[in-house]
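Read-outs: derived from the displayed coordinates by stated rules, not from any lab. Quick caveat, the model's predicted, so the values are computed rather than measured. Because the Cβ atoms are built from the backbone with ideal geometry, glycine has one as well, and the counts that use them run over all protein chains shown.
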Amino acid sequence: MHSNIEHRTSQIIFGDVSKFYGEILGVNRVSLAIAPGITSLVGPNGSGKTTLMNLMTGLIQPTRGRISILGISPDNPQELFSKVGYCGQFDSFPKGMTGYEFVKSFLRVHGYSNKVADEKTWRAIERVDLIEAAHRKVAGYSKGMRQRIRLAQSIAHDPVVMILDEPLNGLDPMARAETIRLFRQLAKEGLHLIVSSHILHEVNVMSDRVVLINNGYILAEGGVTGVREEMEEHPMQIMIRCDLPQDLAARIFASDSVVEAQLHRDKQGLFIRTRNAEAFYLLLNRIVVESGMNIEAVAPVDDDLNAVYQYLIGSNGGGQA
Amino acid sequence: MSSMIEASTVKPAATQLDWSLWLRQIRAILRIEVKKNFWGKRALLLYLFAAIPVVLMFLLAIVDPNGSADIRNKWPNAQEAFGNIYEGLILRTMVFFGCAWIFMNLFRGEVVDKSLHYYFLCSLRREVLVAGKYFSGLLASVVLFTLTTAGSLFFLYYARGYPANVDYLFDGPGMGQVLTYLGITILACLGYGAVFLVIGLFFRNPIIPALLVYGWEWLNFLLPPVLKKISIIHYLHTLSPIPLNEGPLATVVEATSPWISVPSLIVFTALVLFLASIRIRGVSHPSNH
């Protein structure tokens, strides 16, 4: 009995949960038990990842079934959010706030005193490496900075469960690597991290477990180790917007990890395929430093559903579990 | 790991009835809301709107020589005229639409801006969120519209001329009337604020219900006695320091005593806020709202 309770209070549990938006299926008959560590929800856009996350945080209510976050029901926000932090996908902020004010204001809403909120704010901002921009208005931040300040806001109250919806979206390679390092550190500290992603490479480098979801159904779940070898063979596609794409293409072919490079139609960018994204990002950083090239954006474009199925469960994804 | 343990020791306690925590949270919401909604560029229009009666009184009582002469020579008529301006322009129009703007935006504005979820993701009871938002709206509307009322009264009394104005204010019934007008303004903000907060929570497009309430409040003088009492303006009207004639078409109703009017408005506000607290528990993520 005691171990049952302990089990329930240390896990995130979905018991036969369904969510319908009118007649549209969000998720159907989801039963999961998520232990501490990094768990990635993997699936294409619209597969139900965000619905699962919104259900976990009580932002939407299930049509059927029960959810328990470390033994707490999501309809008890006062207790739930003393333990849970959620970094959603909405790129919107309260008007007129600086990064520091944004993080601190909501810590005060949690109920922290001014002094404690101040300390926690700086600690969180430091963790996402935004100290220098902390007193600038969020409205003037780049997309990556906005993503990082949202992340700071969600970790600032030291939650034990972090729910992160596409947290690496919009980050440059350096920030991406730093953020993944931060996630690993948090997982090592005993936190639950639930991360949604449709980028296989990200899942590969950071997850302990994956939950594969499509059309609202859980198709597979389990450890990443078993599929890692297959995934390493999967070439990842990355889009780079820059001022000298031809020059960049010539330089990156010096790397063994790049298997293909293709100029964008507007001649202002490049698509590359690599078997080793980490090595490629390091190479890209070196090229930028050496050549002074102006890189406008770097974004993985590996959102191909078939790739997910092929490399995670080896099917075409036509069936439902 | 040590930082996590350290952090947990200073985490706010979430007990069943933690009033000090809730008060801290309400203060935190107040700070955010006041800064966001009442110091921003968007608030400028509201300030200009609230200044209209003051400017009008300035023009009538100071700039227009006939107006100031009338105020000096026909003081009882001037008082009645001000009573009508106060009820028709300040109370029924400025305070009404000002509260509609302020209170409907507290939730609806955040749903539109997609920023309401930041509150929903805090360790915060939804009822406390309603209270915090309501008090921030109340603070702004009370400050704004008591200043409007006080500014308008200032020009009325100024035009009466010295020392008659000072005598009337401090040795006559003047101060009582000023305080009564200010009190009515505060009660109007209290009542209309609660109504518009709920409208903002219940309706995706709150303009139509707000206009219906406006119509109901304006036509109140025509309604049968029972229906007349189901309105905010009825109770505010009966509190007026200068008895006002509602016109030949008005239904005659026995005046409600202030001892009933004031508590009725406060109880009504509390009930409406209770309704808002129930409603907010069921509000979903902004994307689904």
ask   = Roughly how large, in nm² to one decimal, is the mean projection of the convex hull of the alpha-carbon atoms in the protein assembly as shown?
value = 35.8 nm²
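If you take every DSSP beta bridge whose two residues both sit in the protein assembly as shown, what share of them, in percent to the nearest 5, is antiparallel?
On the way: 36 of 55 bridges.
DSSP beta bridges in the protein assembly as shown are roughly 65 percent antiparallel.
Please sort A:151-157, A:284-290 by packing, taking for each peptide the average over its residues of neighbouring beta carbons within 10 angstrom, highest first. Mind dumping the intermediate values first?
Working: A:151-157: 25.1, A:284-290: 15.0.
Ranking the peptides A:151-157, A:284-290 by packing returns A:151-157, A:284-290.
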inquiry  = Is there a quick way to get the dipole size of the protein assembly as shown? I mean about its Cα centre, with the Cβ of Lys and Arg at +1 and of Asp and Glu at -1; what is the value in debye to the nearest 20?
reply    = 900 debye
query = How far, in degrees from 0 to 90, does helix B:174-202 lean away from the longest principal axis of the Cα atoms of chain B, to the nearest 10?
reply = 40 degrees
request  = Please list the equivalent ellipsoid semi-axes of segment A:115-154, computed as the square roots of five times the alpha-carbon gyration tensor eigenvalues, in descending order and whole angstrom.
outcome  = 17, 10, 8
remark   = Sorted by chain and then number, the residues having a modelled amide H within less than 5 Å of the amide H of A:VAL259, at least 5 places away or on another chain, are A:ARG273, A:THR274, A:ARG275
task = Quick one, can you get me the convex hull of the C-alpha atoms of chain A expressed as volume per residue in Å³?
result = 157 Å³
task = Return the average number of partner chain Cβ atoms within 10 angstrom of each residue Cβ along peptide A:73-83.
result = 5
ask   = Summing -39500 (n - 2.57) over the DSSP H runs of n ≥ 4 in chain A and dividing by its residue number, what mean residue ellipticity at 222 nm do you reach, to the nearest 500 deg cm²/dmol?
value = -10500 deg cm²/dmol
ask   = For the Cα atoms of chain B, what angle does the longest principal axis make with the long axis of helix B:96-113, in degrees from 0 to 90, nearest 10?
value = 20 degrees
task = Give the long-range amide H neighbours of A:THR98: residues separated by 5 or more places, or on another chain, with amide H under 5 Å away, using H modelled in the peptide plane at 1.01 Å from N.
result = A:VAL138
inquiry  = Less than 23 Å apart at the alpha-carbon level, and either on another chain or at least 8 residues along: which lysines does that give for A:LYS49?
reply    = A:LYS19, A:LYS83, A:LYS143, B:LYS114
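Let me have the relative contact order for chain A, percent, based on Cα pairs under 8 Å that are six or more residues apart.
Values: 590 pairs, mean separation 60.5, N = 321.
After rounding, I find 19 percent.
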remark   = Ordered by fewest other Cβ atoms within 10 Å, a rough proxy for footprinting exposure, B:ASP18, A:ASP266 read A:ASP266, B:ASP18
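Only Cα pairs under 8 Å and at least 6 apart count here; give the relative contact order of chain B as a rounded whole percent. It would help to have the intermediate numbers written out before the result.
Numbers: 274 pairs, mean separation 71.8, N = 289.
About 25 percent, as a whole number.
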Helix-derived mean residue ellipticity, 222 nm - over chain B, DSSP H n ≥ 4, -39500 (n - 2.57), to 500 = -22500 deg cm²/dmol
Acute angle (nearest 10 degrees) that the helix B:126-160 long axis makes with the longest principal axis of chain B, alpha-carbon atoms = 20 degrees
ask   = Computed on alpha carbon atoms, what radius of gyration and Dmax characterise segment B:162-289, expressed in Å?
value = 18.3, 63
task = Take each of the peptides B:265-271, A:56-62, B:54-60, average the number of other beta-carbon atoms within 10 Å over its residues, and list them starting from the highest.
result = A:56-62, B:54-60, B:265-271
ask   = Which residue, A:SER73, A:SER40, A:SER18, has the most motion in a Gaussian network model of chain A that connects Cα atoms within less than 10 Å?
value = A:SER73
ask   = Across peptide A:91-99, what mean number of C-beta atoms from other chains lies inside 10 Å of a residue's C-beta?
value = 5
inquiry  = Test of understanding: in a Gaussian network model of chain A with alpha carbons linked when under 10 Å, which of A:ARG176, A:ARG148, A:ARG136 would top the mean-square fluctuation ranking?
reply    = A:ARG136
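At a Förster radius of 51 Å, what calculated FRET efficiency corresponds to the Cβ-Cβ distance of B:THR93 and A:MET239, to the nearest 0.05?
On the way: r = 56 Å, r/R0 = 1.10.
It comes to 0.35.
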query = In chain B, what is the volume of the convex hull around the alpha carbon atoms, normalised per residue and reported in Å³?
reply = 172 Å³
request  = Please identify, among A:SER82, A:SER47, A:SER196, the residue showing maximal mean-square fluctuation in a Gaussian network model of chain A using a 10 angstrom Cα cutoff.
outcome  = A:SER82
remark   = Packing-ranked peptide list from A:97-108, B:247-258, highest mean Cβ count within 10 angstrom first, is A:97-108, B:247-258
query = Quick one: A:THR50, A:THR121, fewest Cβ neighbours within 10 Å first, how do they rank?
reply = A:THR50, A:THR121
message = Rounded to whole Å, give me the distance from the Cα center of segment B:96-131 to that of segment A:252-302.
response = 45 Å
note = Once the in-chain neighbours fewer than 8 apart are removed, the aspartates and glutamates whose Cα is under 14 Å from B:LYS229 read B:GLU217, B:GLU254
ask   = For segment B:256-268, in order, what is each residue's ³J(HN,Hα) by Karplus, 6.51 cos²θ - 1.76 cosθ + 1.60 with θ = phi - 60°, in whole Hz (x at glycine and Pro)?
value = 8, 5, x, 5, 9, 4, 5, x, 4, 5, 5, 5, 4
